[in-house]
Amino acid sequence: MRSRSMVALCSLVALAAGAGGLSAQGRADSRPGLAVFPIWNSGSYGQDKENFDALQKGMAAMIISELAANPGARVVEREELQRLLEEQNLGASGRVDDATAAKVGKLVGARYVVTGTFIDFYGDFRVDLHLVNVETSEIMKVEKENMRRDHLFDIIRNVSQRLMKDASLPPLPKQASDARMSRQIPTDALTYYSRALLYQDRGQKDKAIDMYNRALEVFPQYAEATEGLQRLKTS
């Protein structure tokens with residue numbers, strides 16, 4: 001099954017070679033494309049396993065949100081990447097390696113892909129991310145961050161800012177930068193949001209809606225949770 005998936009993937013890559021993002025007017029979008037893959041749990045302790053499974057998706061989604069705030073980047077939507085991984089039977093049973101991620105990145109017109117792992121050892125939280133060049137599969141930069149789990153959003157924001165620099169993106173406009181820096185999303189809200197994404201991808205709509213609502217109870221200003229809830233209710 002894995003070999004057939006890789007053959008299909010390589011065929012799609014060949015068809016997509018040279019393809020990039022298009023603007024609303026149909027013109028090629030020259031901004032560098034970035035695709036963020038799930039951030040895999042590399043062996044964590046001290047929380048419900050479901051929370052760790054969920055954070056693989058939630059951390060990636062929040063990194064996408066942070067990167068997408070930069071108008072100089074074209075960031076692939078999480079749902080688009082998830083659909084492609086499911087179609088190719090990739091990532092269902094384990095971590096997608098950097099070389100495979102680069103091949104998938106070509107399908108969505110990305111210039112770079114972000115892969116990585118996290119480990120939570122009873123509240124001591126560490127993230128290791130790779131910025132990979134899609135054309136060469138070369139790891140351009142490795143970013144690491146280590147804090148207490150209570151500061152999970154700070155970890156996400158810090159590594160996202162460094163990824164922007166690594167990808168040679170322009171700095172955020174001051175107003176946008178100040179707005180992003182002033183946000184403080186509680187870890188509990190981020191965990192509920194992550195579980196909403198986990199259940200959403202499993203097709204468990206009612207459970208996903210419940211988790212979105214719990215995230216908003218903890219942090220009513222959680223824009224990503226509000227948007228996710230609205231999209232799910234209208235889907």
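Below is a table of values for the structure above.
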{"quantity": "Odd one out for Glu135, checked against (1) surrounded by fewer than 21 Cβ atoms within 10 Å (Cβ to Cβ); (2) more than 24 Å from Glu86 (Cα to Cα)", "calculated": "(2)"}
{"quantity": "Qualifying residue in the stretch 109-120 (condition: under 24 Å from Arg195 (Cα atoms), surrounded by fewer than 20 Cβ atoms within 10 Å (Cβ to Cβ), at pLDDT below 95 and more than 16 Å from the chain's Cα centre (by Cα))", "calculated": "no"}
{"quantity": "Qualifying residues in the stretch 77-108 (those that are among the basic types (Lys, Arg) and under 29 Å from Met147 (Cβ atoms)) - the one farthest from the chain's Cα centre (by Cα)", "calculated": "Arg95"}
{"quantity": "Search result, residues across the stretch 200-223 that are surrounded by 21 or more Cβ atoms within 10 Å (Cβ to Cβ), assigned to a helix (DSSP H, G or I) and not hydrophobic (A, V, I, L, M, F, W, C)", "calculated": "Gln200, Tyr212"}
{"quantity": "Some residue of the stretch 48-60 being closer than 22 Å to Lys165 by Cα, aliphatic (A, V, I, L, M), surrounded by fewer than 21 Cβ atoms within 10 Å (Cβ to Cβ) and without any contact (Cβ under 8 Å) to a residue 60 or more places away in the chain", "calculated": "no"}
{"quantity": "The stretch 205-234 residues that are within 9 Å of Tyr192 (Cα to Cα), paired with ones that are basic (Lys, Arg) and in a helix (DSSP H, G or I) (beta carbon under 6 Å, 6 or more apart)", "calculated": "Met211/Arg195"}
{"quantity": "Any hit, the stretch 67-76, residues being surrounded by 22 or more Cβ atoms within 10 Å (Cβ to Cβ), at pLDDT below 95, within 26 Å of Arg157 (Cα to Cα) and under 13 Å from the mean Cα position of the chain (by Cα)", "calculated": "no"}
{"quantity": "Conditions (1) closer than 16 Å to Leu55 by Cβ; (2) in contact (Cβ under 8 Å) with a residue 24 or more places away in the chain: number failed by Asn89", "calculated": "(1)"}
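The values are calculated or read from the model by the stated rules, or taken from the named source; none is laboratory data. Everything numeric in this text was worked out from a predicted model, so none of it was measured. We place every Cβ from the backbone using ideal geometry, glycine too, and count neighbours over all the protein chains shown.
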